[in-house]
Amino acid sequence: MVVGQSVKRVDAFDKVTGRARFTDDLVDKSALIVKIYHSTIAHGMVKSVDTSAAEKIPGVVKVLTCFDVPDRPFPTAGHPWSTDPHHQDVADRLLLNRHVRYYGDDVAVVIAEDEVSAEQGLRALKVEYEEYPFVLDVQEAMKDGAPQLHERFPNNILGRTNYEVGNFEEAIKEPGLLRIEGWYDTPVVQHCHIENHICYAEQQGSKLVIVASTQIPHIVRRICGQALGLPWGSVRLIKPYIGGGFGNKQDALYEPLCGYCSQQVGGRLVKLDVSREETFVSNRVRHAIRYHIVTYARPNGRFVARQMECYSNQGAYASHGHGICAKGANAFKQIYVDDLATKVDAYTVFTNLPAAGAMRAYGIPQVSFAIESSVEDAAKALGIDSVILRQMNMMPVGYVDAFSKNCNYFDSLNQCIAKGKAYMDYDRLHAAYANQTGPIRRGVGMAIFWYNTAVWPISLEASSCRMLMNQDGSVQLEIAETEIGQGADTVFAQMVADTVGVPFEKVHVLTMQDTDVTPFGTSAYASRQTYVAGFAIHNIGTQLKNKVLNYAEYMTGKAADTLDLVNGIVIEKESKEEVMPLDELATSALYSLDQAEQFSAEGTTQIKSNAYSFGCGFAEVEVDIPMCKVKLLRMINVHDCGRLINPQLAEAQVHGGMSMAIGYGMGEQLLFDPKTGRPLNNNLLDYKLCTMLDHPDLKAEFVENFEPTSPFGTKALGEPPACPGAPAIRNAILNATGVAVNQTPMTPHILFERFKEEGLL
């Protein structure tokens, strides 16, 4: 069995030697270059674009403006297509925009023979605007009289979720309750994946072929069809190796525009490569969300009733929209279960900021910071150890969500907490660090997390795959779930090997998804791939194995149900005696003069289940109060993600999530000029991305409870580790200083203000 082993990645050699081919490695050097002119105002109407000077520049082939594109709005979110019009994504984008809604909106393009000519063409464009008032703050945008971004959405409210479990007003009348209240803010950040978005397009016969660095090839094909008015099958979308995405590439970014540019130059090959500065502003960002949480608790620590208000800053266009905020609102009533009532009111609101979309963990890092900070504040107010308070109120074993029907089968949270506490020596240090004095202080903090696996029942969950057996008994796997750097192809190969019964080395995964060839799937997001693809691989692999054993019965006369296929050998189940090597059988089948057969299997598996993933994070910090600086000393993430398919890859995923959490918590924030809406730090010099110097040694531990809904016992892994780090650091600062910091990132200037307010400076 290879599942459960830390086998070497299937793409390791190609990636470390540079042999792996990414989008820019594949495009022919003859490609025309597309450059985008971005608006230099935050809100307004383009009155005119003077292209005459640009068109005279040698090498410029064509200039297209917002006045040239079809008036055909389309959505961009990487969600499965809903056949119910009421559940489809908001179609609020055009290929280029006359009504510009943020500083950096897409106004025009220059298509040229080379980079220099394209850049010169951009500089030669003269754009005249009618400027409108703009708004950047989410709650200001909701007020009557605020600038309106989209006519269909009064008060700029894109979406609202409100629910009440129990009777909140009656619940809080219980005598003796303690009320704890706080506001919590998380900022705009960017994904900062290594490879910027890039795509190229050309007409090939009846197909518009687009090659793109995307997480969602089949979904992007559909969106390109919608945007360009083409039958979806007339678009061919190819995804090669991709240098990271983290959700930014779970959107159709510039693939439709690139395809349109090719159409406008007679189907010629065009390349659209986005700079880092454009990536920061004109792709997608993470939603800045503001939370207001009120907790009513008994003196013994039981939560009687809690209320949360959420205000999610969507930016200029819908993208993934209200889904992010709504998921956080759902998490609020699940991670902790109130005795009597829970009330939530969540808004997603348009502002004149860059469009916010999906980002690793899809709203849960933001709400985790708010929830876990509020629980820590409640523990301090109640005089109860914060770990004990969490254990008293967190989701119990046997909990079933009324909507999703998800069940908590195991005592995962307590198991994870026990491991984290032991590693950190938490109880001793938490007590020792309380009530410190002096300029340099230490503290420990923790936070728990909850995460769903995949998106059922909110949306479609299905996976299709195809397996073909070669003459040597090796297996080709074609699957739409995409490798984006996380090691998915390796995990898929391990699952195929064990299901079919072939050596791991004899599984070949086609990593380049091609919508003309690859079976349909919705690809990489929502921590879904290992869980969802596992169903398809198990079902189709079993079919393939049964075909092999049936043919072995034909060749040997031994009944198929008495045979098995193990490590590339057909054996007798009971005696374990070898019957025939698989390569001999496969060759015989393909070249048989009596009964030739290609062993293959293909199909779709729809998944109507979900799974809870749990865990916790602990942090130890050292706080220099006069310098208002925090040094992270130790950090651990403990995770129950079910059975580990590949422990080494799992650990790498956790380390990556922890690193992003450190960034969210301590440094990262995309800043904007309040007077103009202009981005102030949209580059990797000024944007404070954390580095190795900001990291201690990161510790990853696991609890392996076999998930009963999964054929391989696995569930969400890739995203959840990004959730507990920031609140754990915040709570460690509280333990060290007694000061609660209710916004991220917890930078020196934020700490200075808080330390000053609390009398430490």
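The values are calculated or read from the model by the stated rules, or taken from the named source; none is laboratory data. What you see is a predicted model; the values in this text were computed from it and never measured. Cβ sites come from the backbone with ideal geometry, for glycine too, and all protein chains shown count toward neighbours.
Quick check, is Thr515 touching a Pro at 6+ places or on another chain (Cβ under 8 Å) and hydroxyl-bearing (Ser, Thr, Tyr)?
Spelling it out, Thr515 is indeed touching a Pro at 6+ places or on another chain (Cβ under 8 Å) and hydroxyl-bearing (Ser, Thr, Tyr).
Exactly one of (1) surrounded by 22 or more Cβ atoms within 10 Å (Cβ to Cβ); (2) among the acidic types (Asp, Glu); (3) in a helix (DSSP H, G or I) is unmet by Glu481. Its number?
The one condition Glu481 does not meet is (3).
Would you be able to tell me the number of residues in the range 70-90 that are in contact (Cβ under 8 Å) with a residue 60 or more places away in the chain, closer than 15 Å to Leu257 by Cα and in contact with a Lys or Arg (Cβ under 9 Å, 6 or more places away or on another chain)?
So the count comes out to 3.
For the range 681-692, state whether one or more residues are part of a loop (DSSP other than H, G, I, E, B), without any contact (Cβ under 8 Å) to a residue 60 or more places away in the chain and either of a type in the set (Lys, Arg) or in the same structural domain as Arg528 (by TED's automatic domain parsing) (or both).
For the range 681-692, residues part of a loop (DSSP other than H, G, I, E, B), without any contact (Cβ under 8 Å) to a residue 60 or more places away in the chain and either of a type in the set (Lys, Arg) or in the same structural domain as Arg528 (by TED's automatic domain parsing) (or both): present.
Determine whether the range 696-708 contains at least one residue that is in contact with a helix residue (DSSP H, G or I) (Cβ under 6 Å, 6 or more places away or on another chain), at pLDDT 95 or above, of a type in the set (Lys, Arg) and crowded, with 17+ Cβ neighbours inside 10 Å.
no
Exactly one condition in (1) in contact with a Leu (Cβ under 8 Å, 6 or more places away or on another chain); (2) in contact (Cβ under 8 Å) with a residue 40 or more places away in the chain; (3) closer than 27 Å to Ser710 by Cβ is false for Gln598; which is it?
Here Gln598 meets the rest and fails (3).
Does Ile729 count as crowded, with 23+ Cβ neighbours inside 10 Å and either more than 30 Å from Gln648 (Cα to Cα) or assigned by TED's automatic domain parsing to the domain that holds Ser412 (or both)?
It is true that Ile729 is crowded, with 23+ Cβ neighbours inside 10 Å and either more than 30 Å from Gln648 (Cα to Cα) or assigned by TED's automatic domain parsing to the domain that holds Ser412 (or both).
In a loop (DSSP other than H, G, I, E, B), surrounded by 18 or more Cβ atoms within 10 Å (Cβ to Cβ) and more than 23 Å from the chain's Cα centre (by Cα): does that describe Pro674?
When the stated conditions are applied, Pro674 does not pass them.
Look at Ala31 and say whether it is farther than 30 Å from Glu461 by Cβ and surrounded by 23 or more Cβ atoms within 10 Å (Cβ to Cβ). First the steps, then the outcome.
Values: farther than 30 Å from Glu461 by Cβ: yes; surrounded by 23 or more Cβ atoms within 10 Å (Cβ to Cβ): no.
Judged against the criteria, Ala31 is not a match.
Specify which of the listed residues (Ala447, Ala480) is touching an Asp or Glu at 6+ places or on another chain (Cβ under 9 Å) and aliphatic (A, V, I, L, M).
Ala447
Among the residues of the range 405-459, which ones are among the small types (Gly, Ala, Ser) and either within 26 Å of the chain's Cα centre (by Cα) or closer than 19 Å to Glu707 by Cβ (or both)?
Let us first name the residues in the range 405-459 that are among the small types (Gly, Ala, Ser), namely 412, 418, 420, 422, 431-432, 434, 438, 443, 445, 447, 454, 459.
Once the filter is applied, which keeps residues that are among the small types (Gly, Ala, Ser) and either within 26 Å of the chain's Cα centre (by Cα) or closer than 19 Å to Glu707 by Cβ (or both), the range 405-459 yields Ser412, Gly420, Gly445, Ala447, Ala454, Ser459.
Taking the range 91-117, which residues are surrounded by 21 or more Cβ atoms within 10 Å (Cβ to Cβ), assigned to a loop (DSSP other than H, G, I, E, B) and in contact with a Lys or Arg (Cβ under 9 Å, 6 or more places away or on another chain)?
Correct list: Asp92, Leu95, Tyr103, Gly104.
Which condition from (1) in contact with a Leu (Cβ under 8 Å, 6 or more places away or on another chain); (2) under 21 Å from Arg730 (Cβ atoms); (3) buried (at least 19 other Cβ atoms within 10 Å of the Cβ); (4) not charged (D, E, K, R) is the one that Gln653 breaks?
Failed condition: (2).
Given the options Thr714, Thr737, name the one that is outside the structural domain of Ala536 (by TED's automatic domain parsing), polar (S, T, N, Q), crowded, with 19+ Cβ neighbours inside 10 Å and under 20 Å from Ala434 (Cα atoms).
That would be Thr737, the only listed residue that is outside the structural domain of Ala536 (by TED's automatic domain parsing), polar (S, T, N, Q), crowded, with 19+ Cβ neighbours inside 10 Å and under 20 Å from Ala434 (Cα atoms).
For the range 591-644, list the strands (runs of 3 or more DSSP E) that sit wholly inside it and hold at least 1 residues that are small (Gly, Ala, Ser), touching a Gly at 6+ places or on another chain (Cβ under 8 Å) and in the same structural domain as Met424 (by TED's automatic domain parsing); which are they?
612-624
Out of the residues in the range 272-325 meeting the condition of being in contact with a Leu (Cβ under 8 Å, 6 or more places away or on another chain) and basic (Lys, Arg), tell me which one is farthest from Asp106 (Cα to Cα).
Top of the filtered list is Arg298.
Could you figure out which of (1) in a helix (DSSP H, G or I); (2) buried (at least 21 other Cβ atoms within 10 Å of the Cβ) isn't true of Val570?
Tallying (1) in a helix (DSSP H, G or I); (2) buried (at least 21 other Cβ atoms within 10 Å of the Cβ), Val570 fails exactly one: (1).
Looking only at residues in the range 118-139 that are in contact with a strand residue (DSSP E or B) (Cβ under 6 Å, 6 or more places away or on another chain), crowded, with 23+ Cβ neighbours inside 10 Å and among the aliphatic types (A, V, I, L, M), which one is nearest to Ile33 (Cα to Cα)?
Of everything passing the filter in the range 118-139, Ala118 is nearest to Ile33 (Cα to Cα).
In the range 229-252, which residues are in contact with a Gly (Cβ under 6 Å, 6 or more places away or on another chain) and either outside any loop (DSSP other than H, G, I, E, B) or β-branched (Val, Ile, Thr) (or both)?
Trp232, Val235, Asp251
Among the numbered conditions (1) buried (at least 20 other Cβ atoms within 10 Å of the Cβ); (2) within 22 Å of the chain's Cα centre (by Cα), tell me where Tyr260 comes up short.
Going through (1) buried (at least 20 other Cβ atoms within 10 Å of the Cβ); (2) within 22 Å of the chain's Cα centre (by Cα) one by one, Tyr260 breaks only (2).
For the condition out of contact with any helix residue (DSSP H, G or I) (no Cβ under 7 Å at 6 or more places or on another chain), surrounded by fewer than 21 Cβ atoms within 10 Å (Cβ to Cβ) and under 30 Å from Phe134 (Cα atoms), what is the one hit in Leu680, Leu693, Leu684?
Exactly one residue qualifies, and that residue is Leu680.
Restrict the check to the range 119-127 and report whether at least one residue is touching a His at 6+ places or on another chain (Cβ under 7 Å), modelled with pLDDT of 95 or more and closer than 22 Å to Tyr260 by Cβ.
Within the range 119-127, not a single residue is touching a His at 6+ places or on another chain (Cβ under 7 Å), modelled with pLDDT of 95 or more and closer than 22 Å to Tyr260 by Cβ.
Any residue at all in the range 534-557 that's aromatic (Phe, Trp, Tyr) and free of Cβ contacts under 8 Å to residues at least 60 places away in the same chain?
The answer is yes; a qualifying residue exists.
So if I check each of Thr744, Thr714, which one is closer than 20 Å to His287 by Cβ and either hydroxyl-bearing (Ser, Thr, Tyr) or without any contact (Cβ under 8 Å) to a residue 12 or more places away in the chain (or both)?
Thr744
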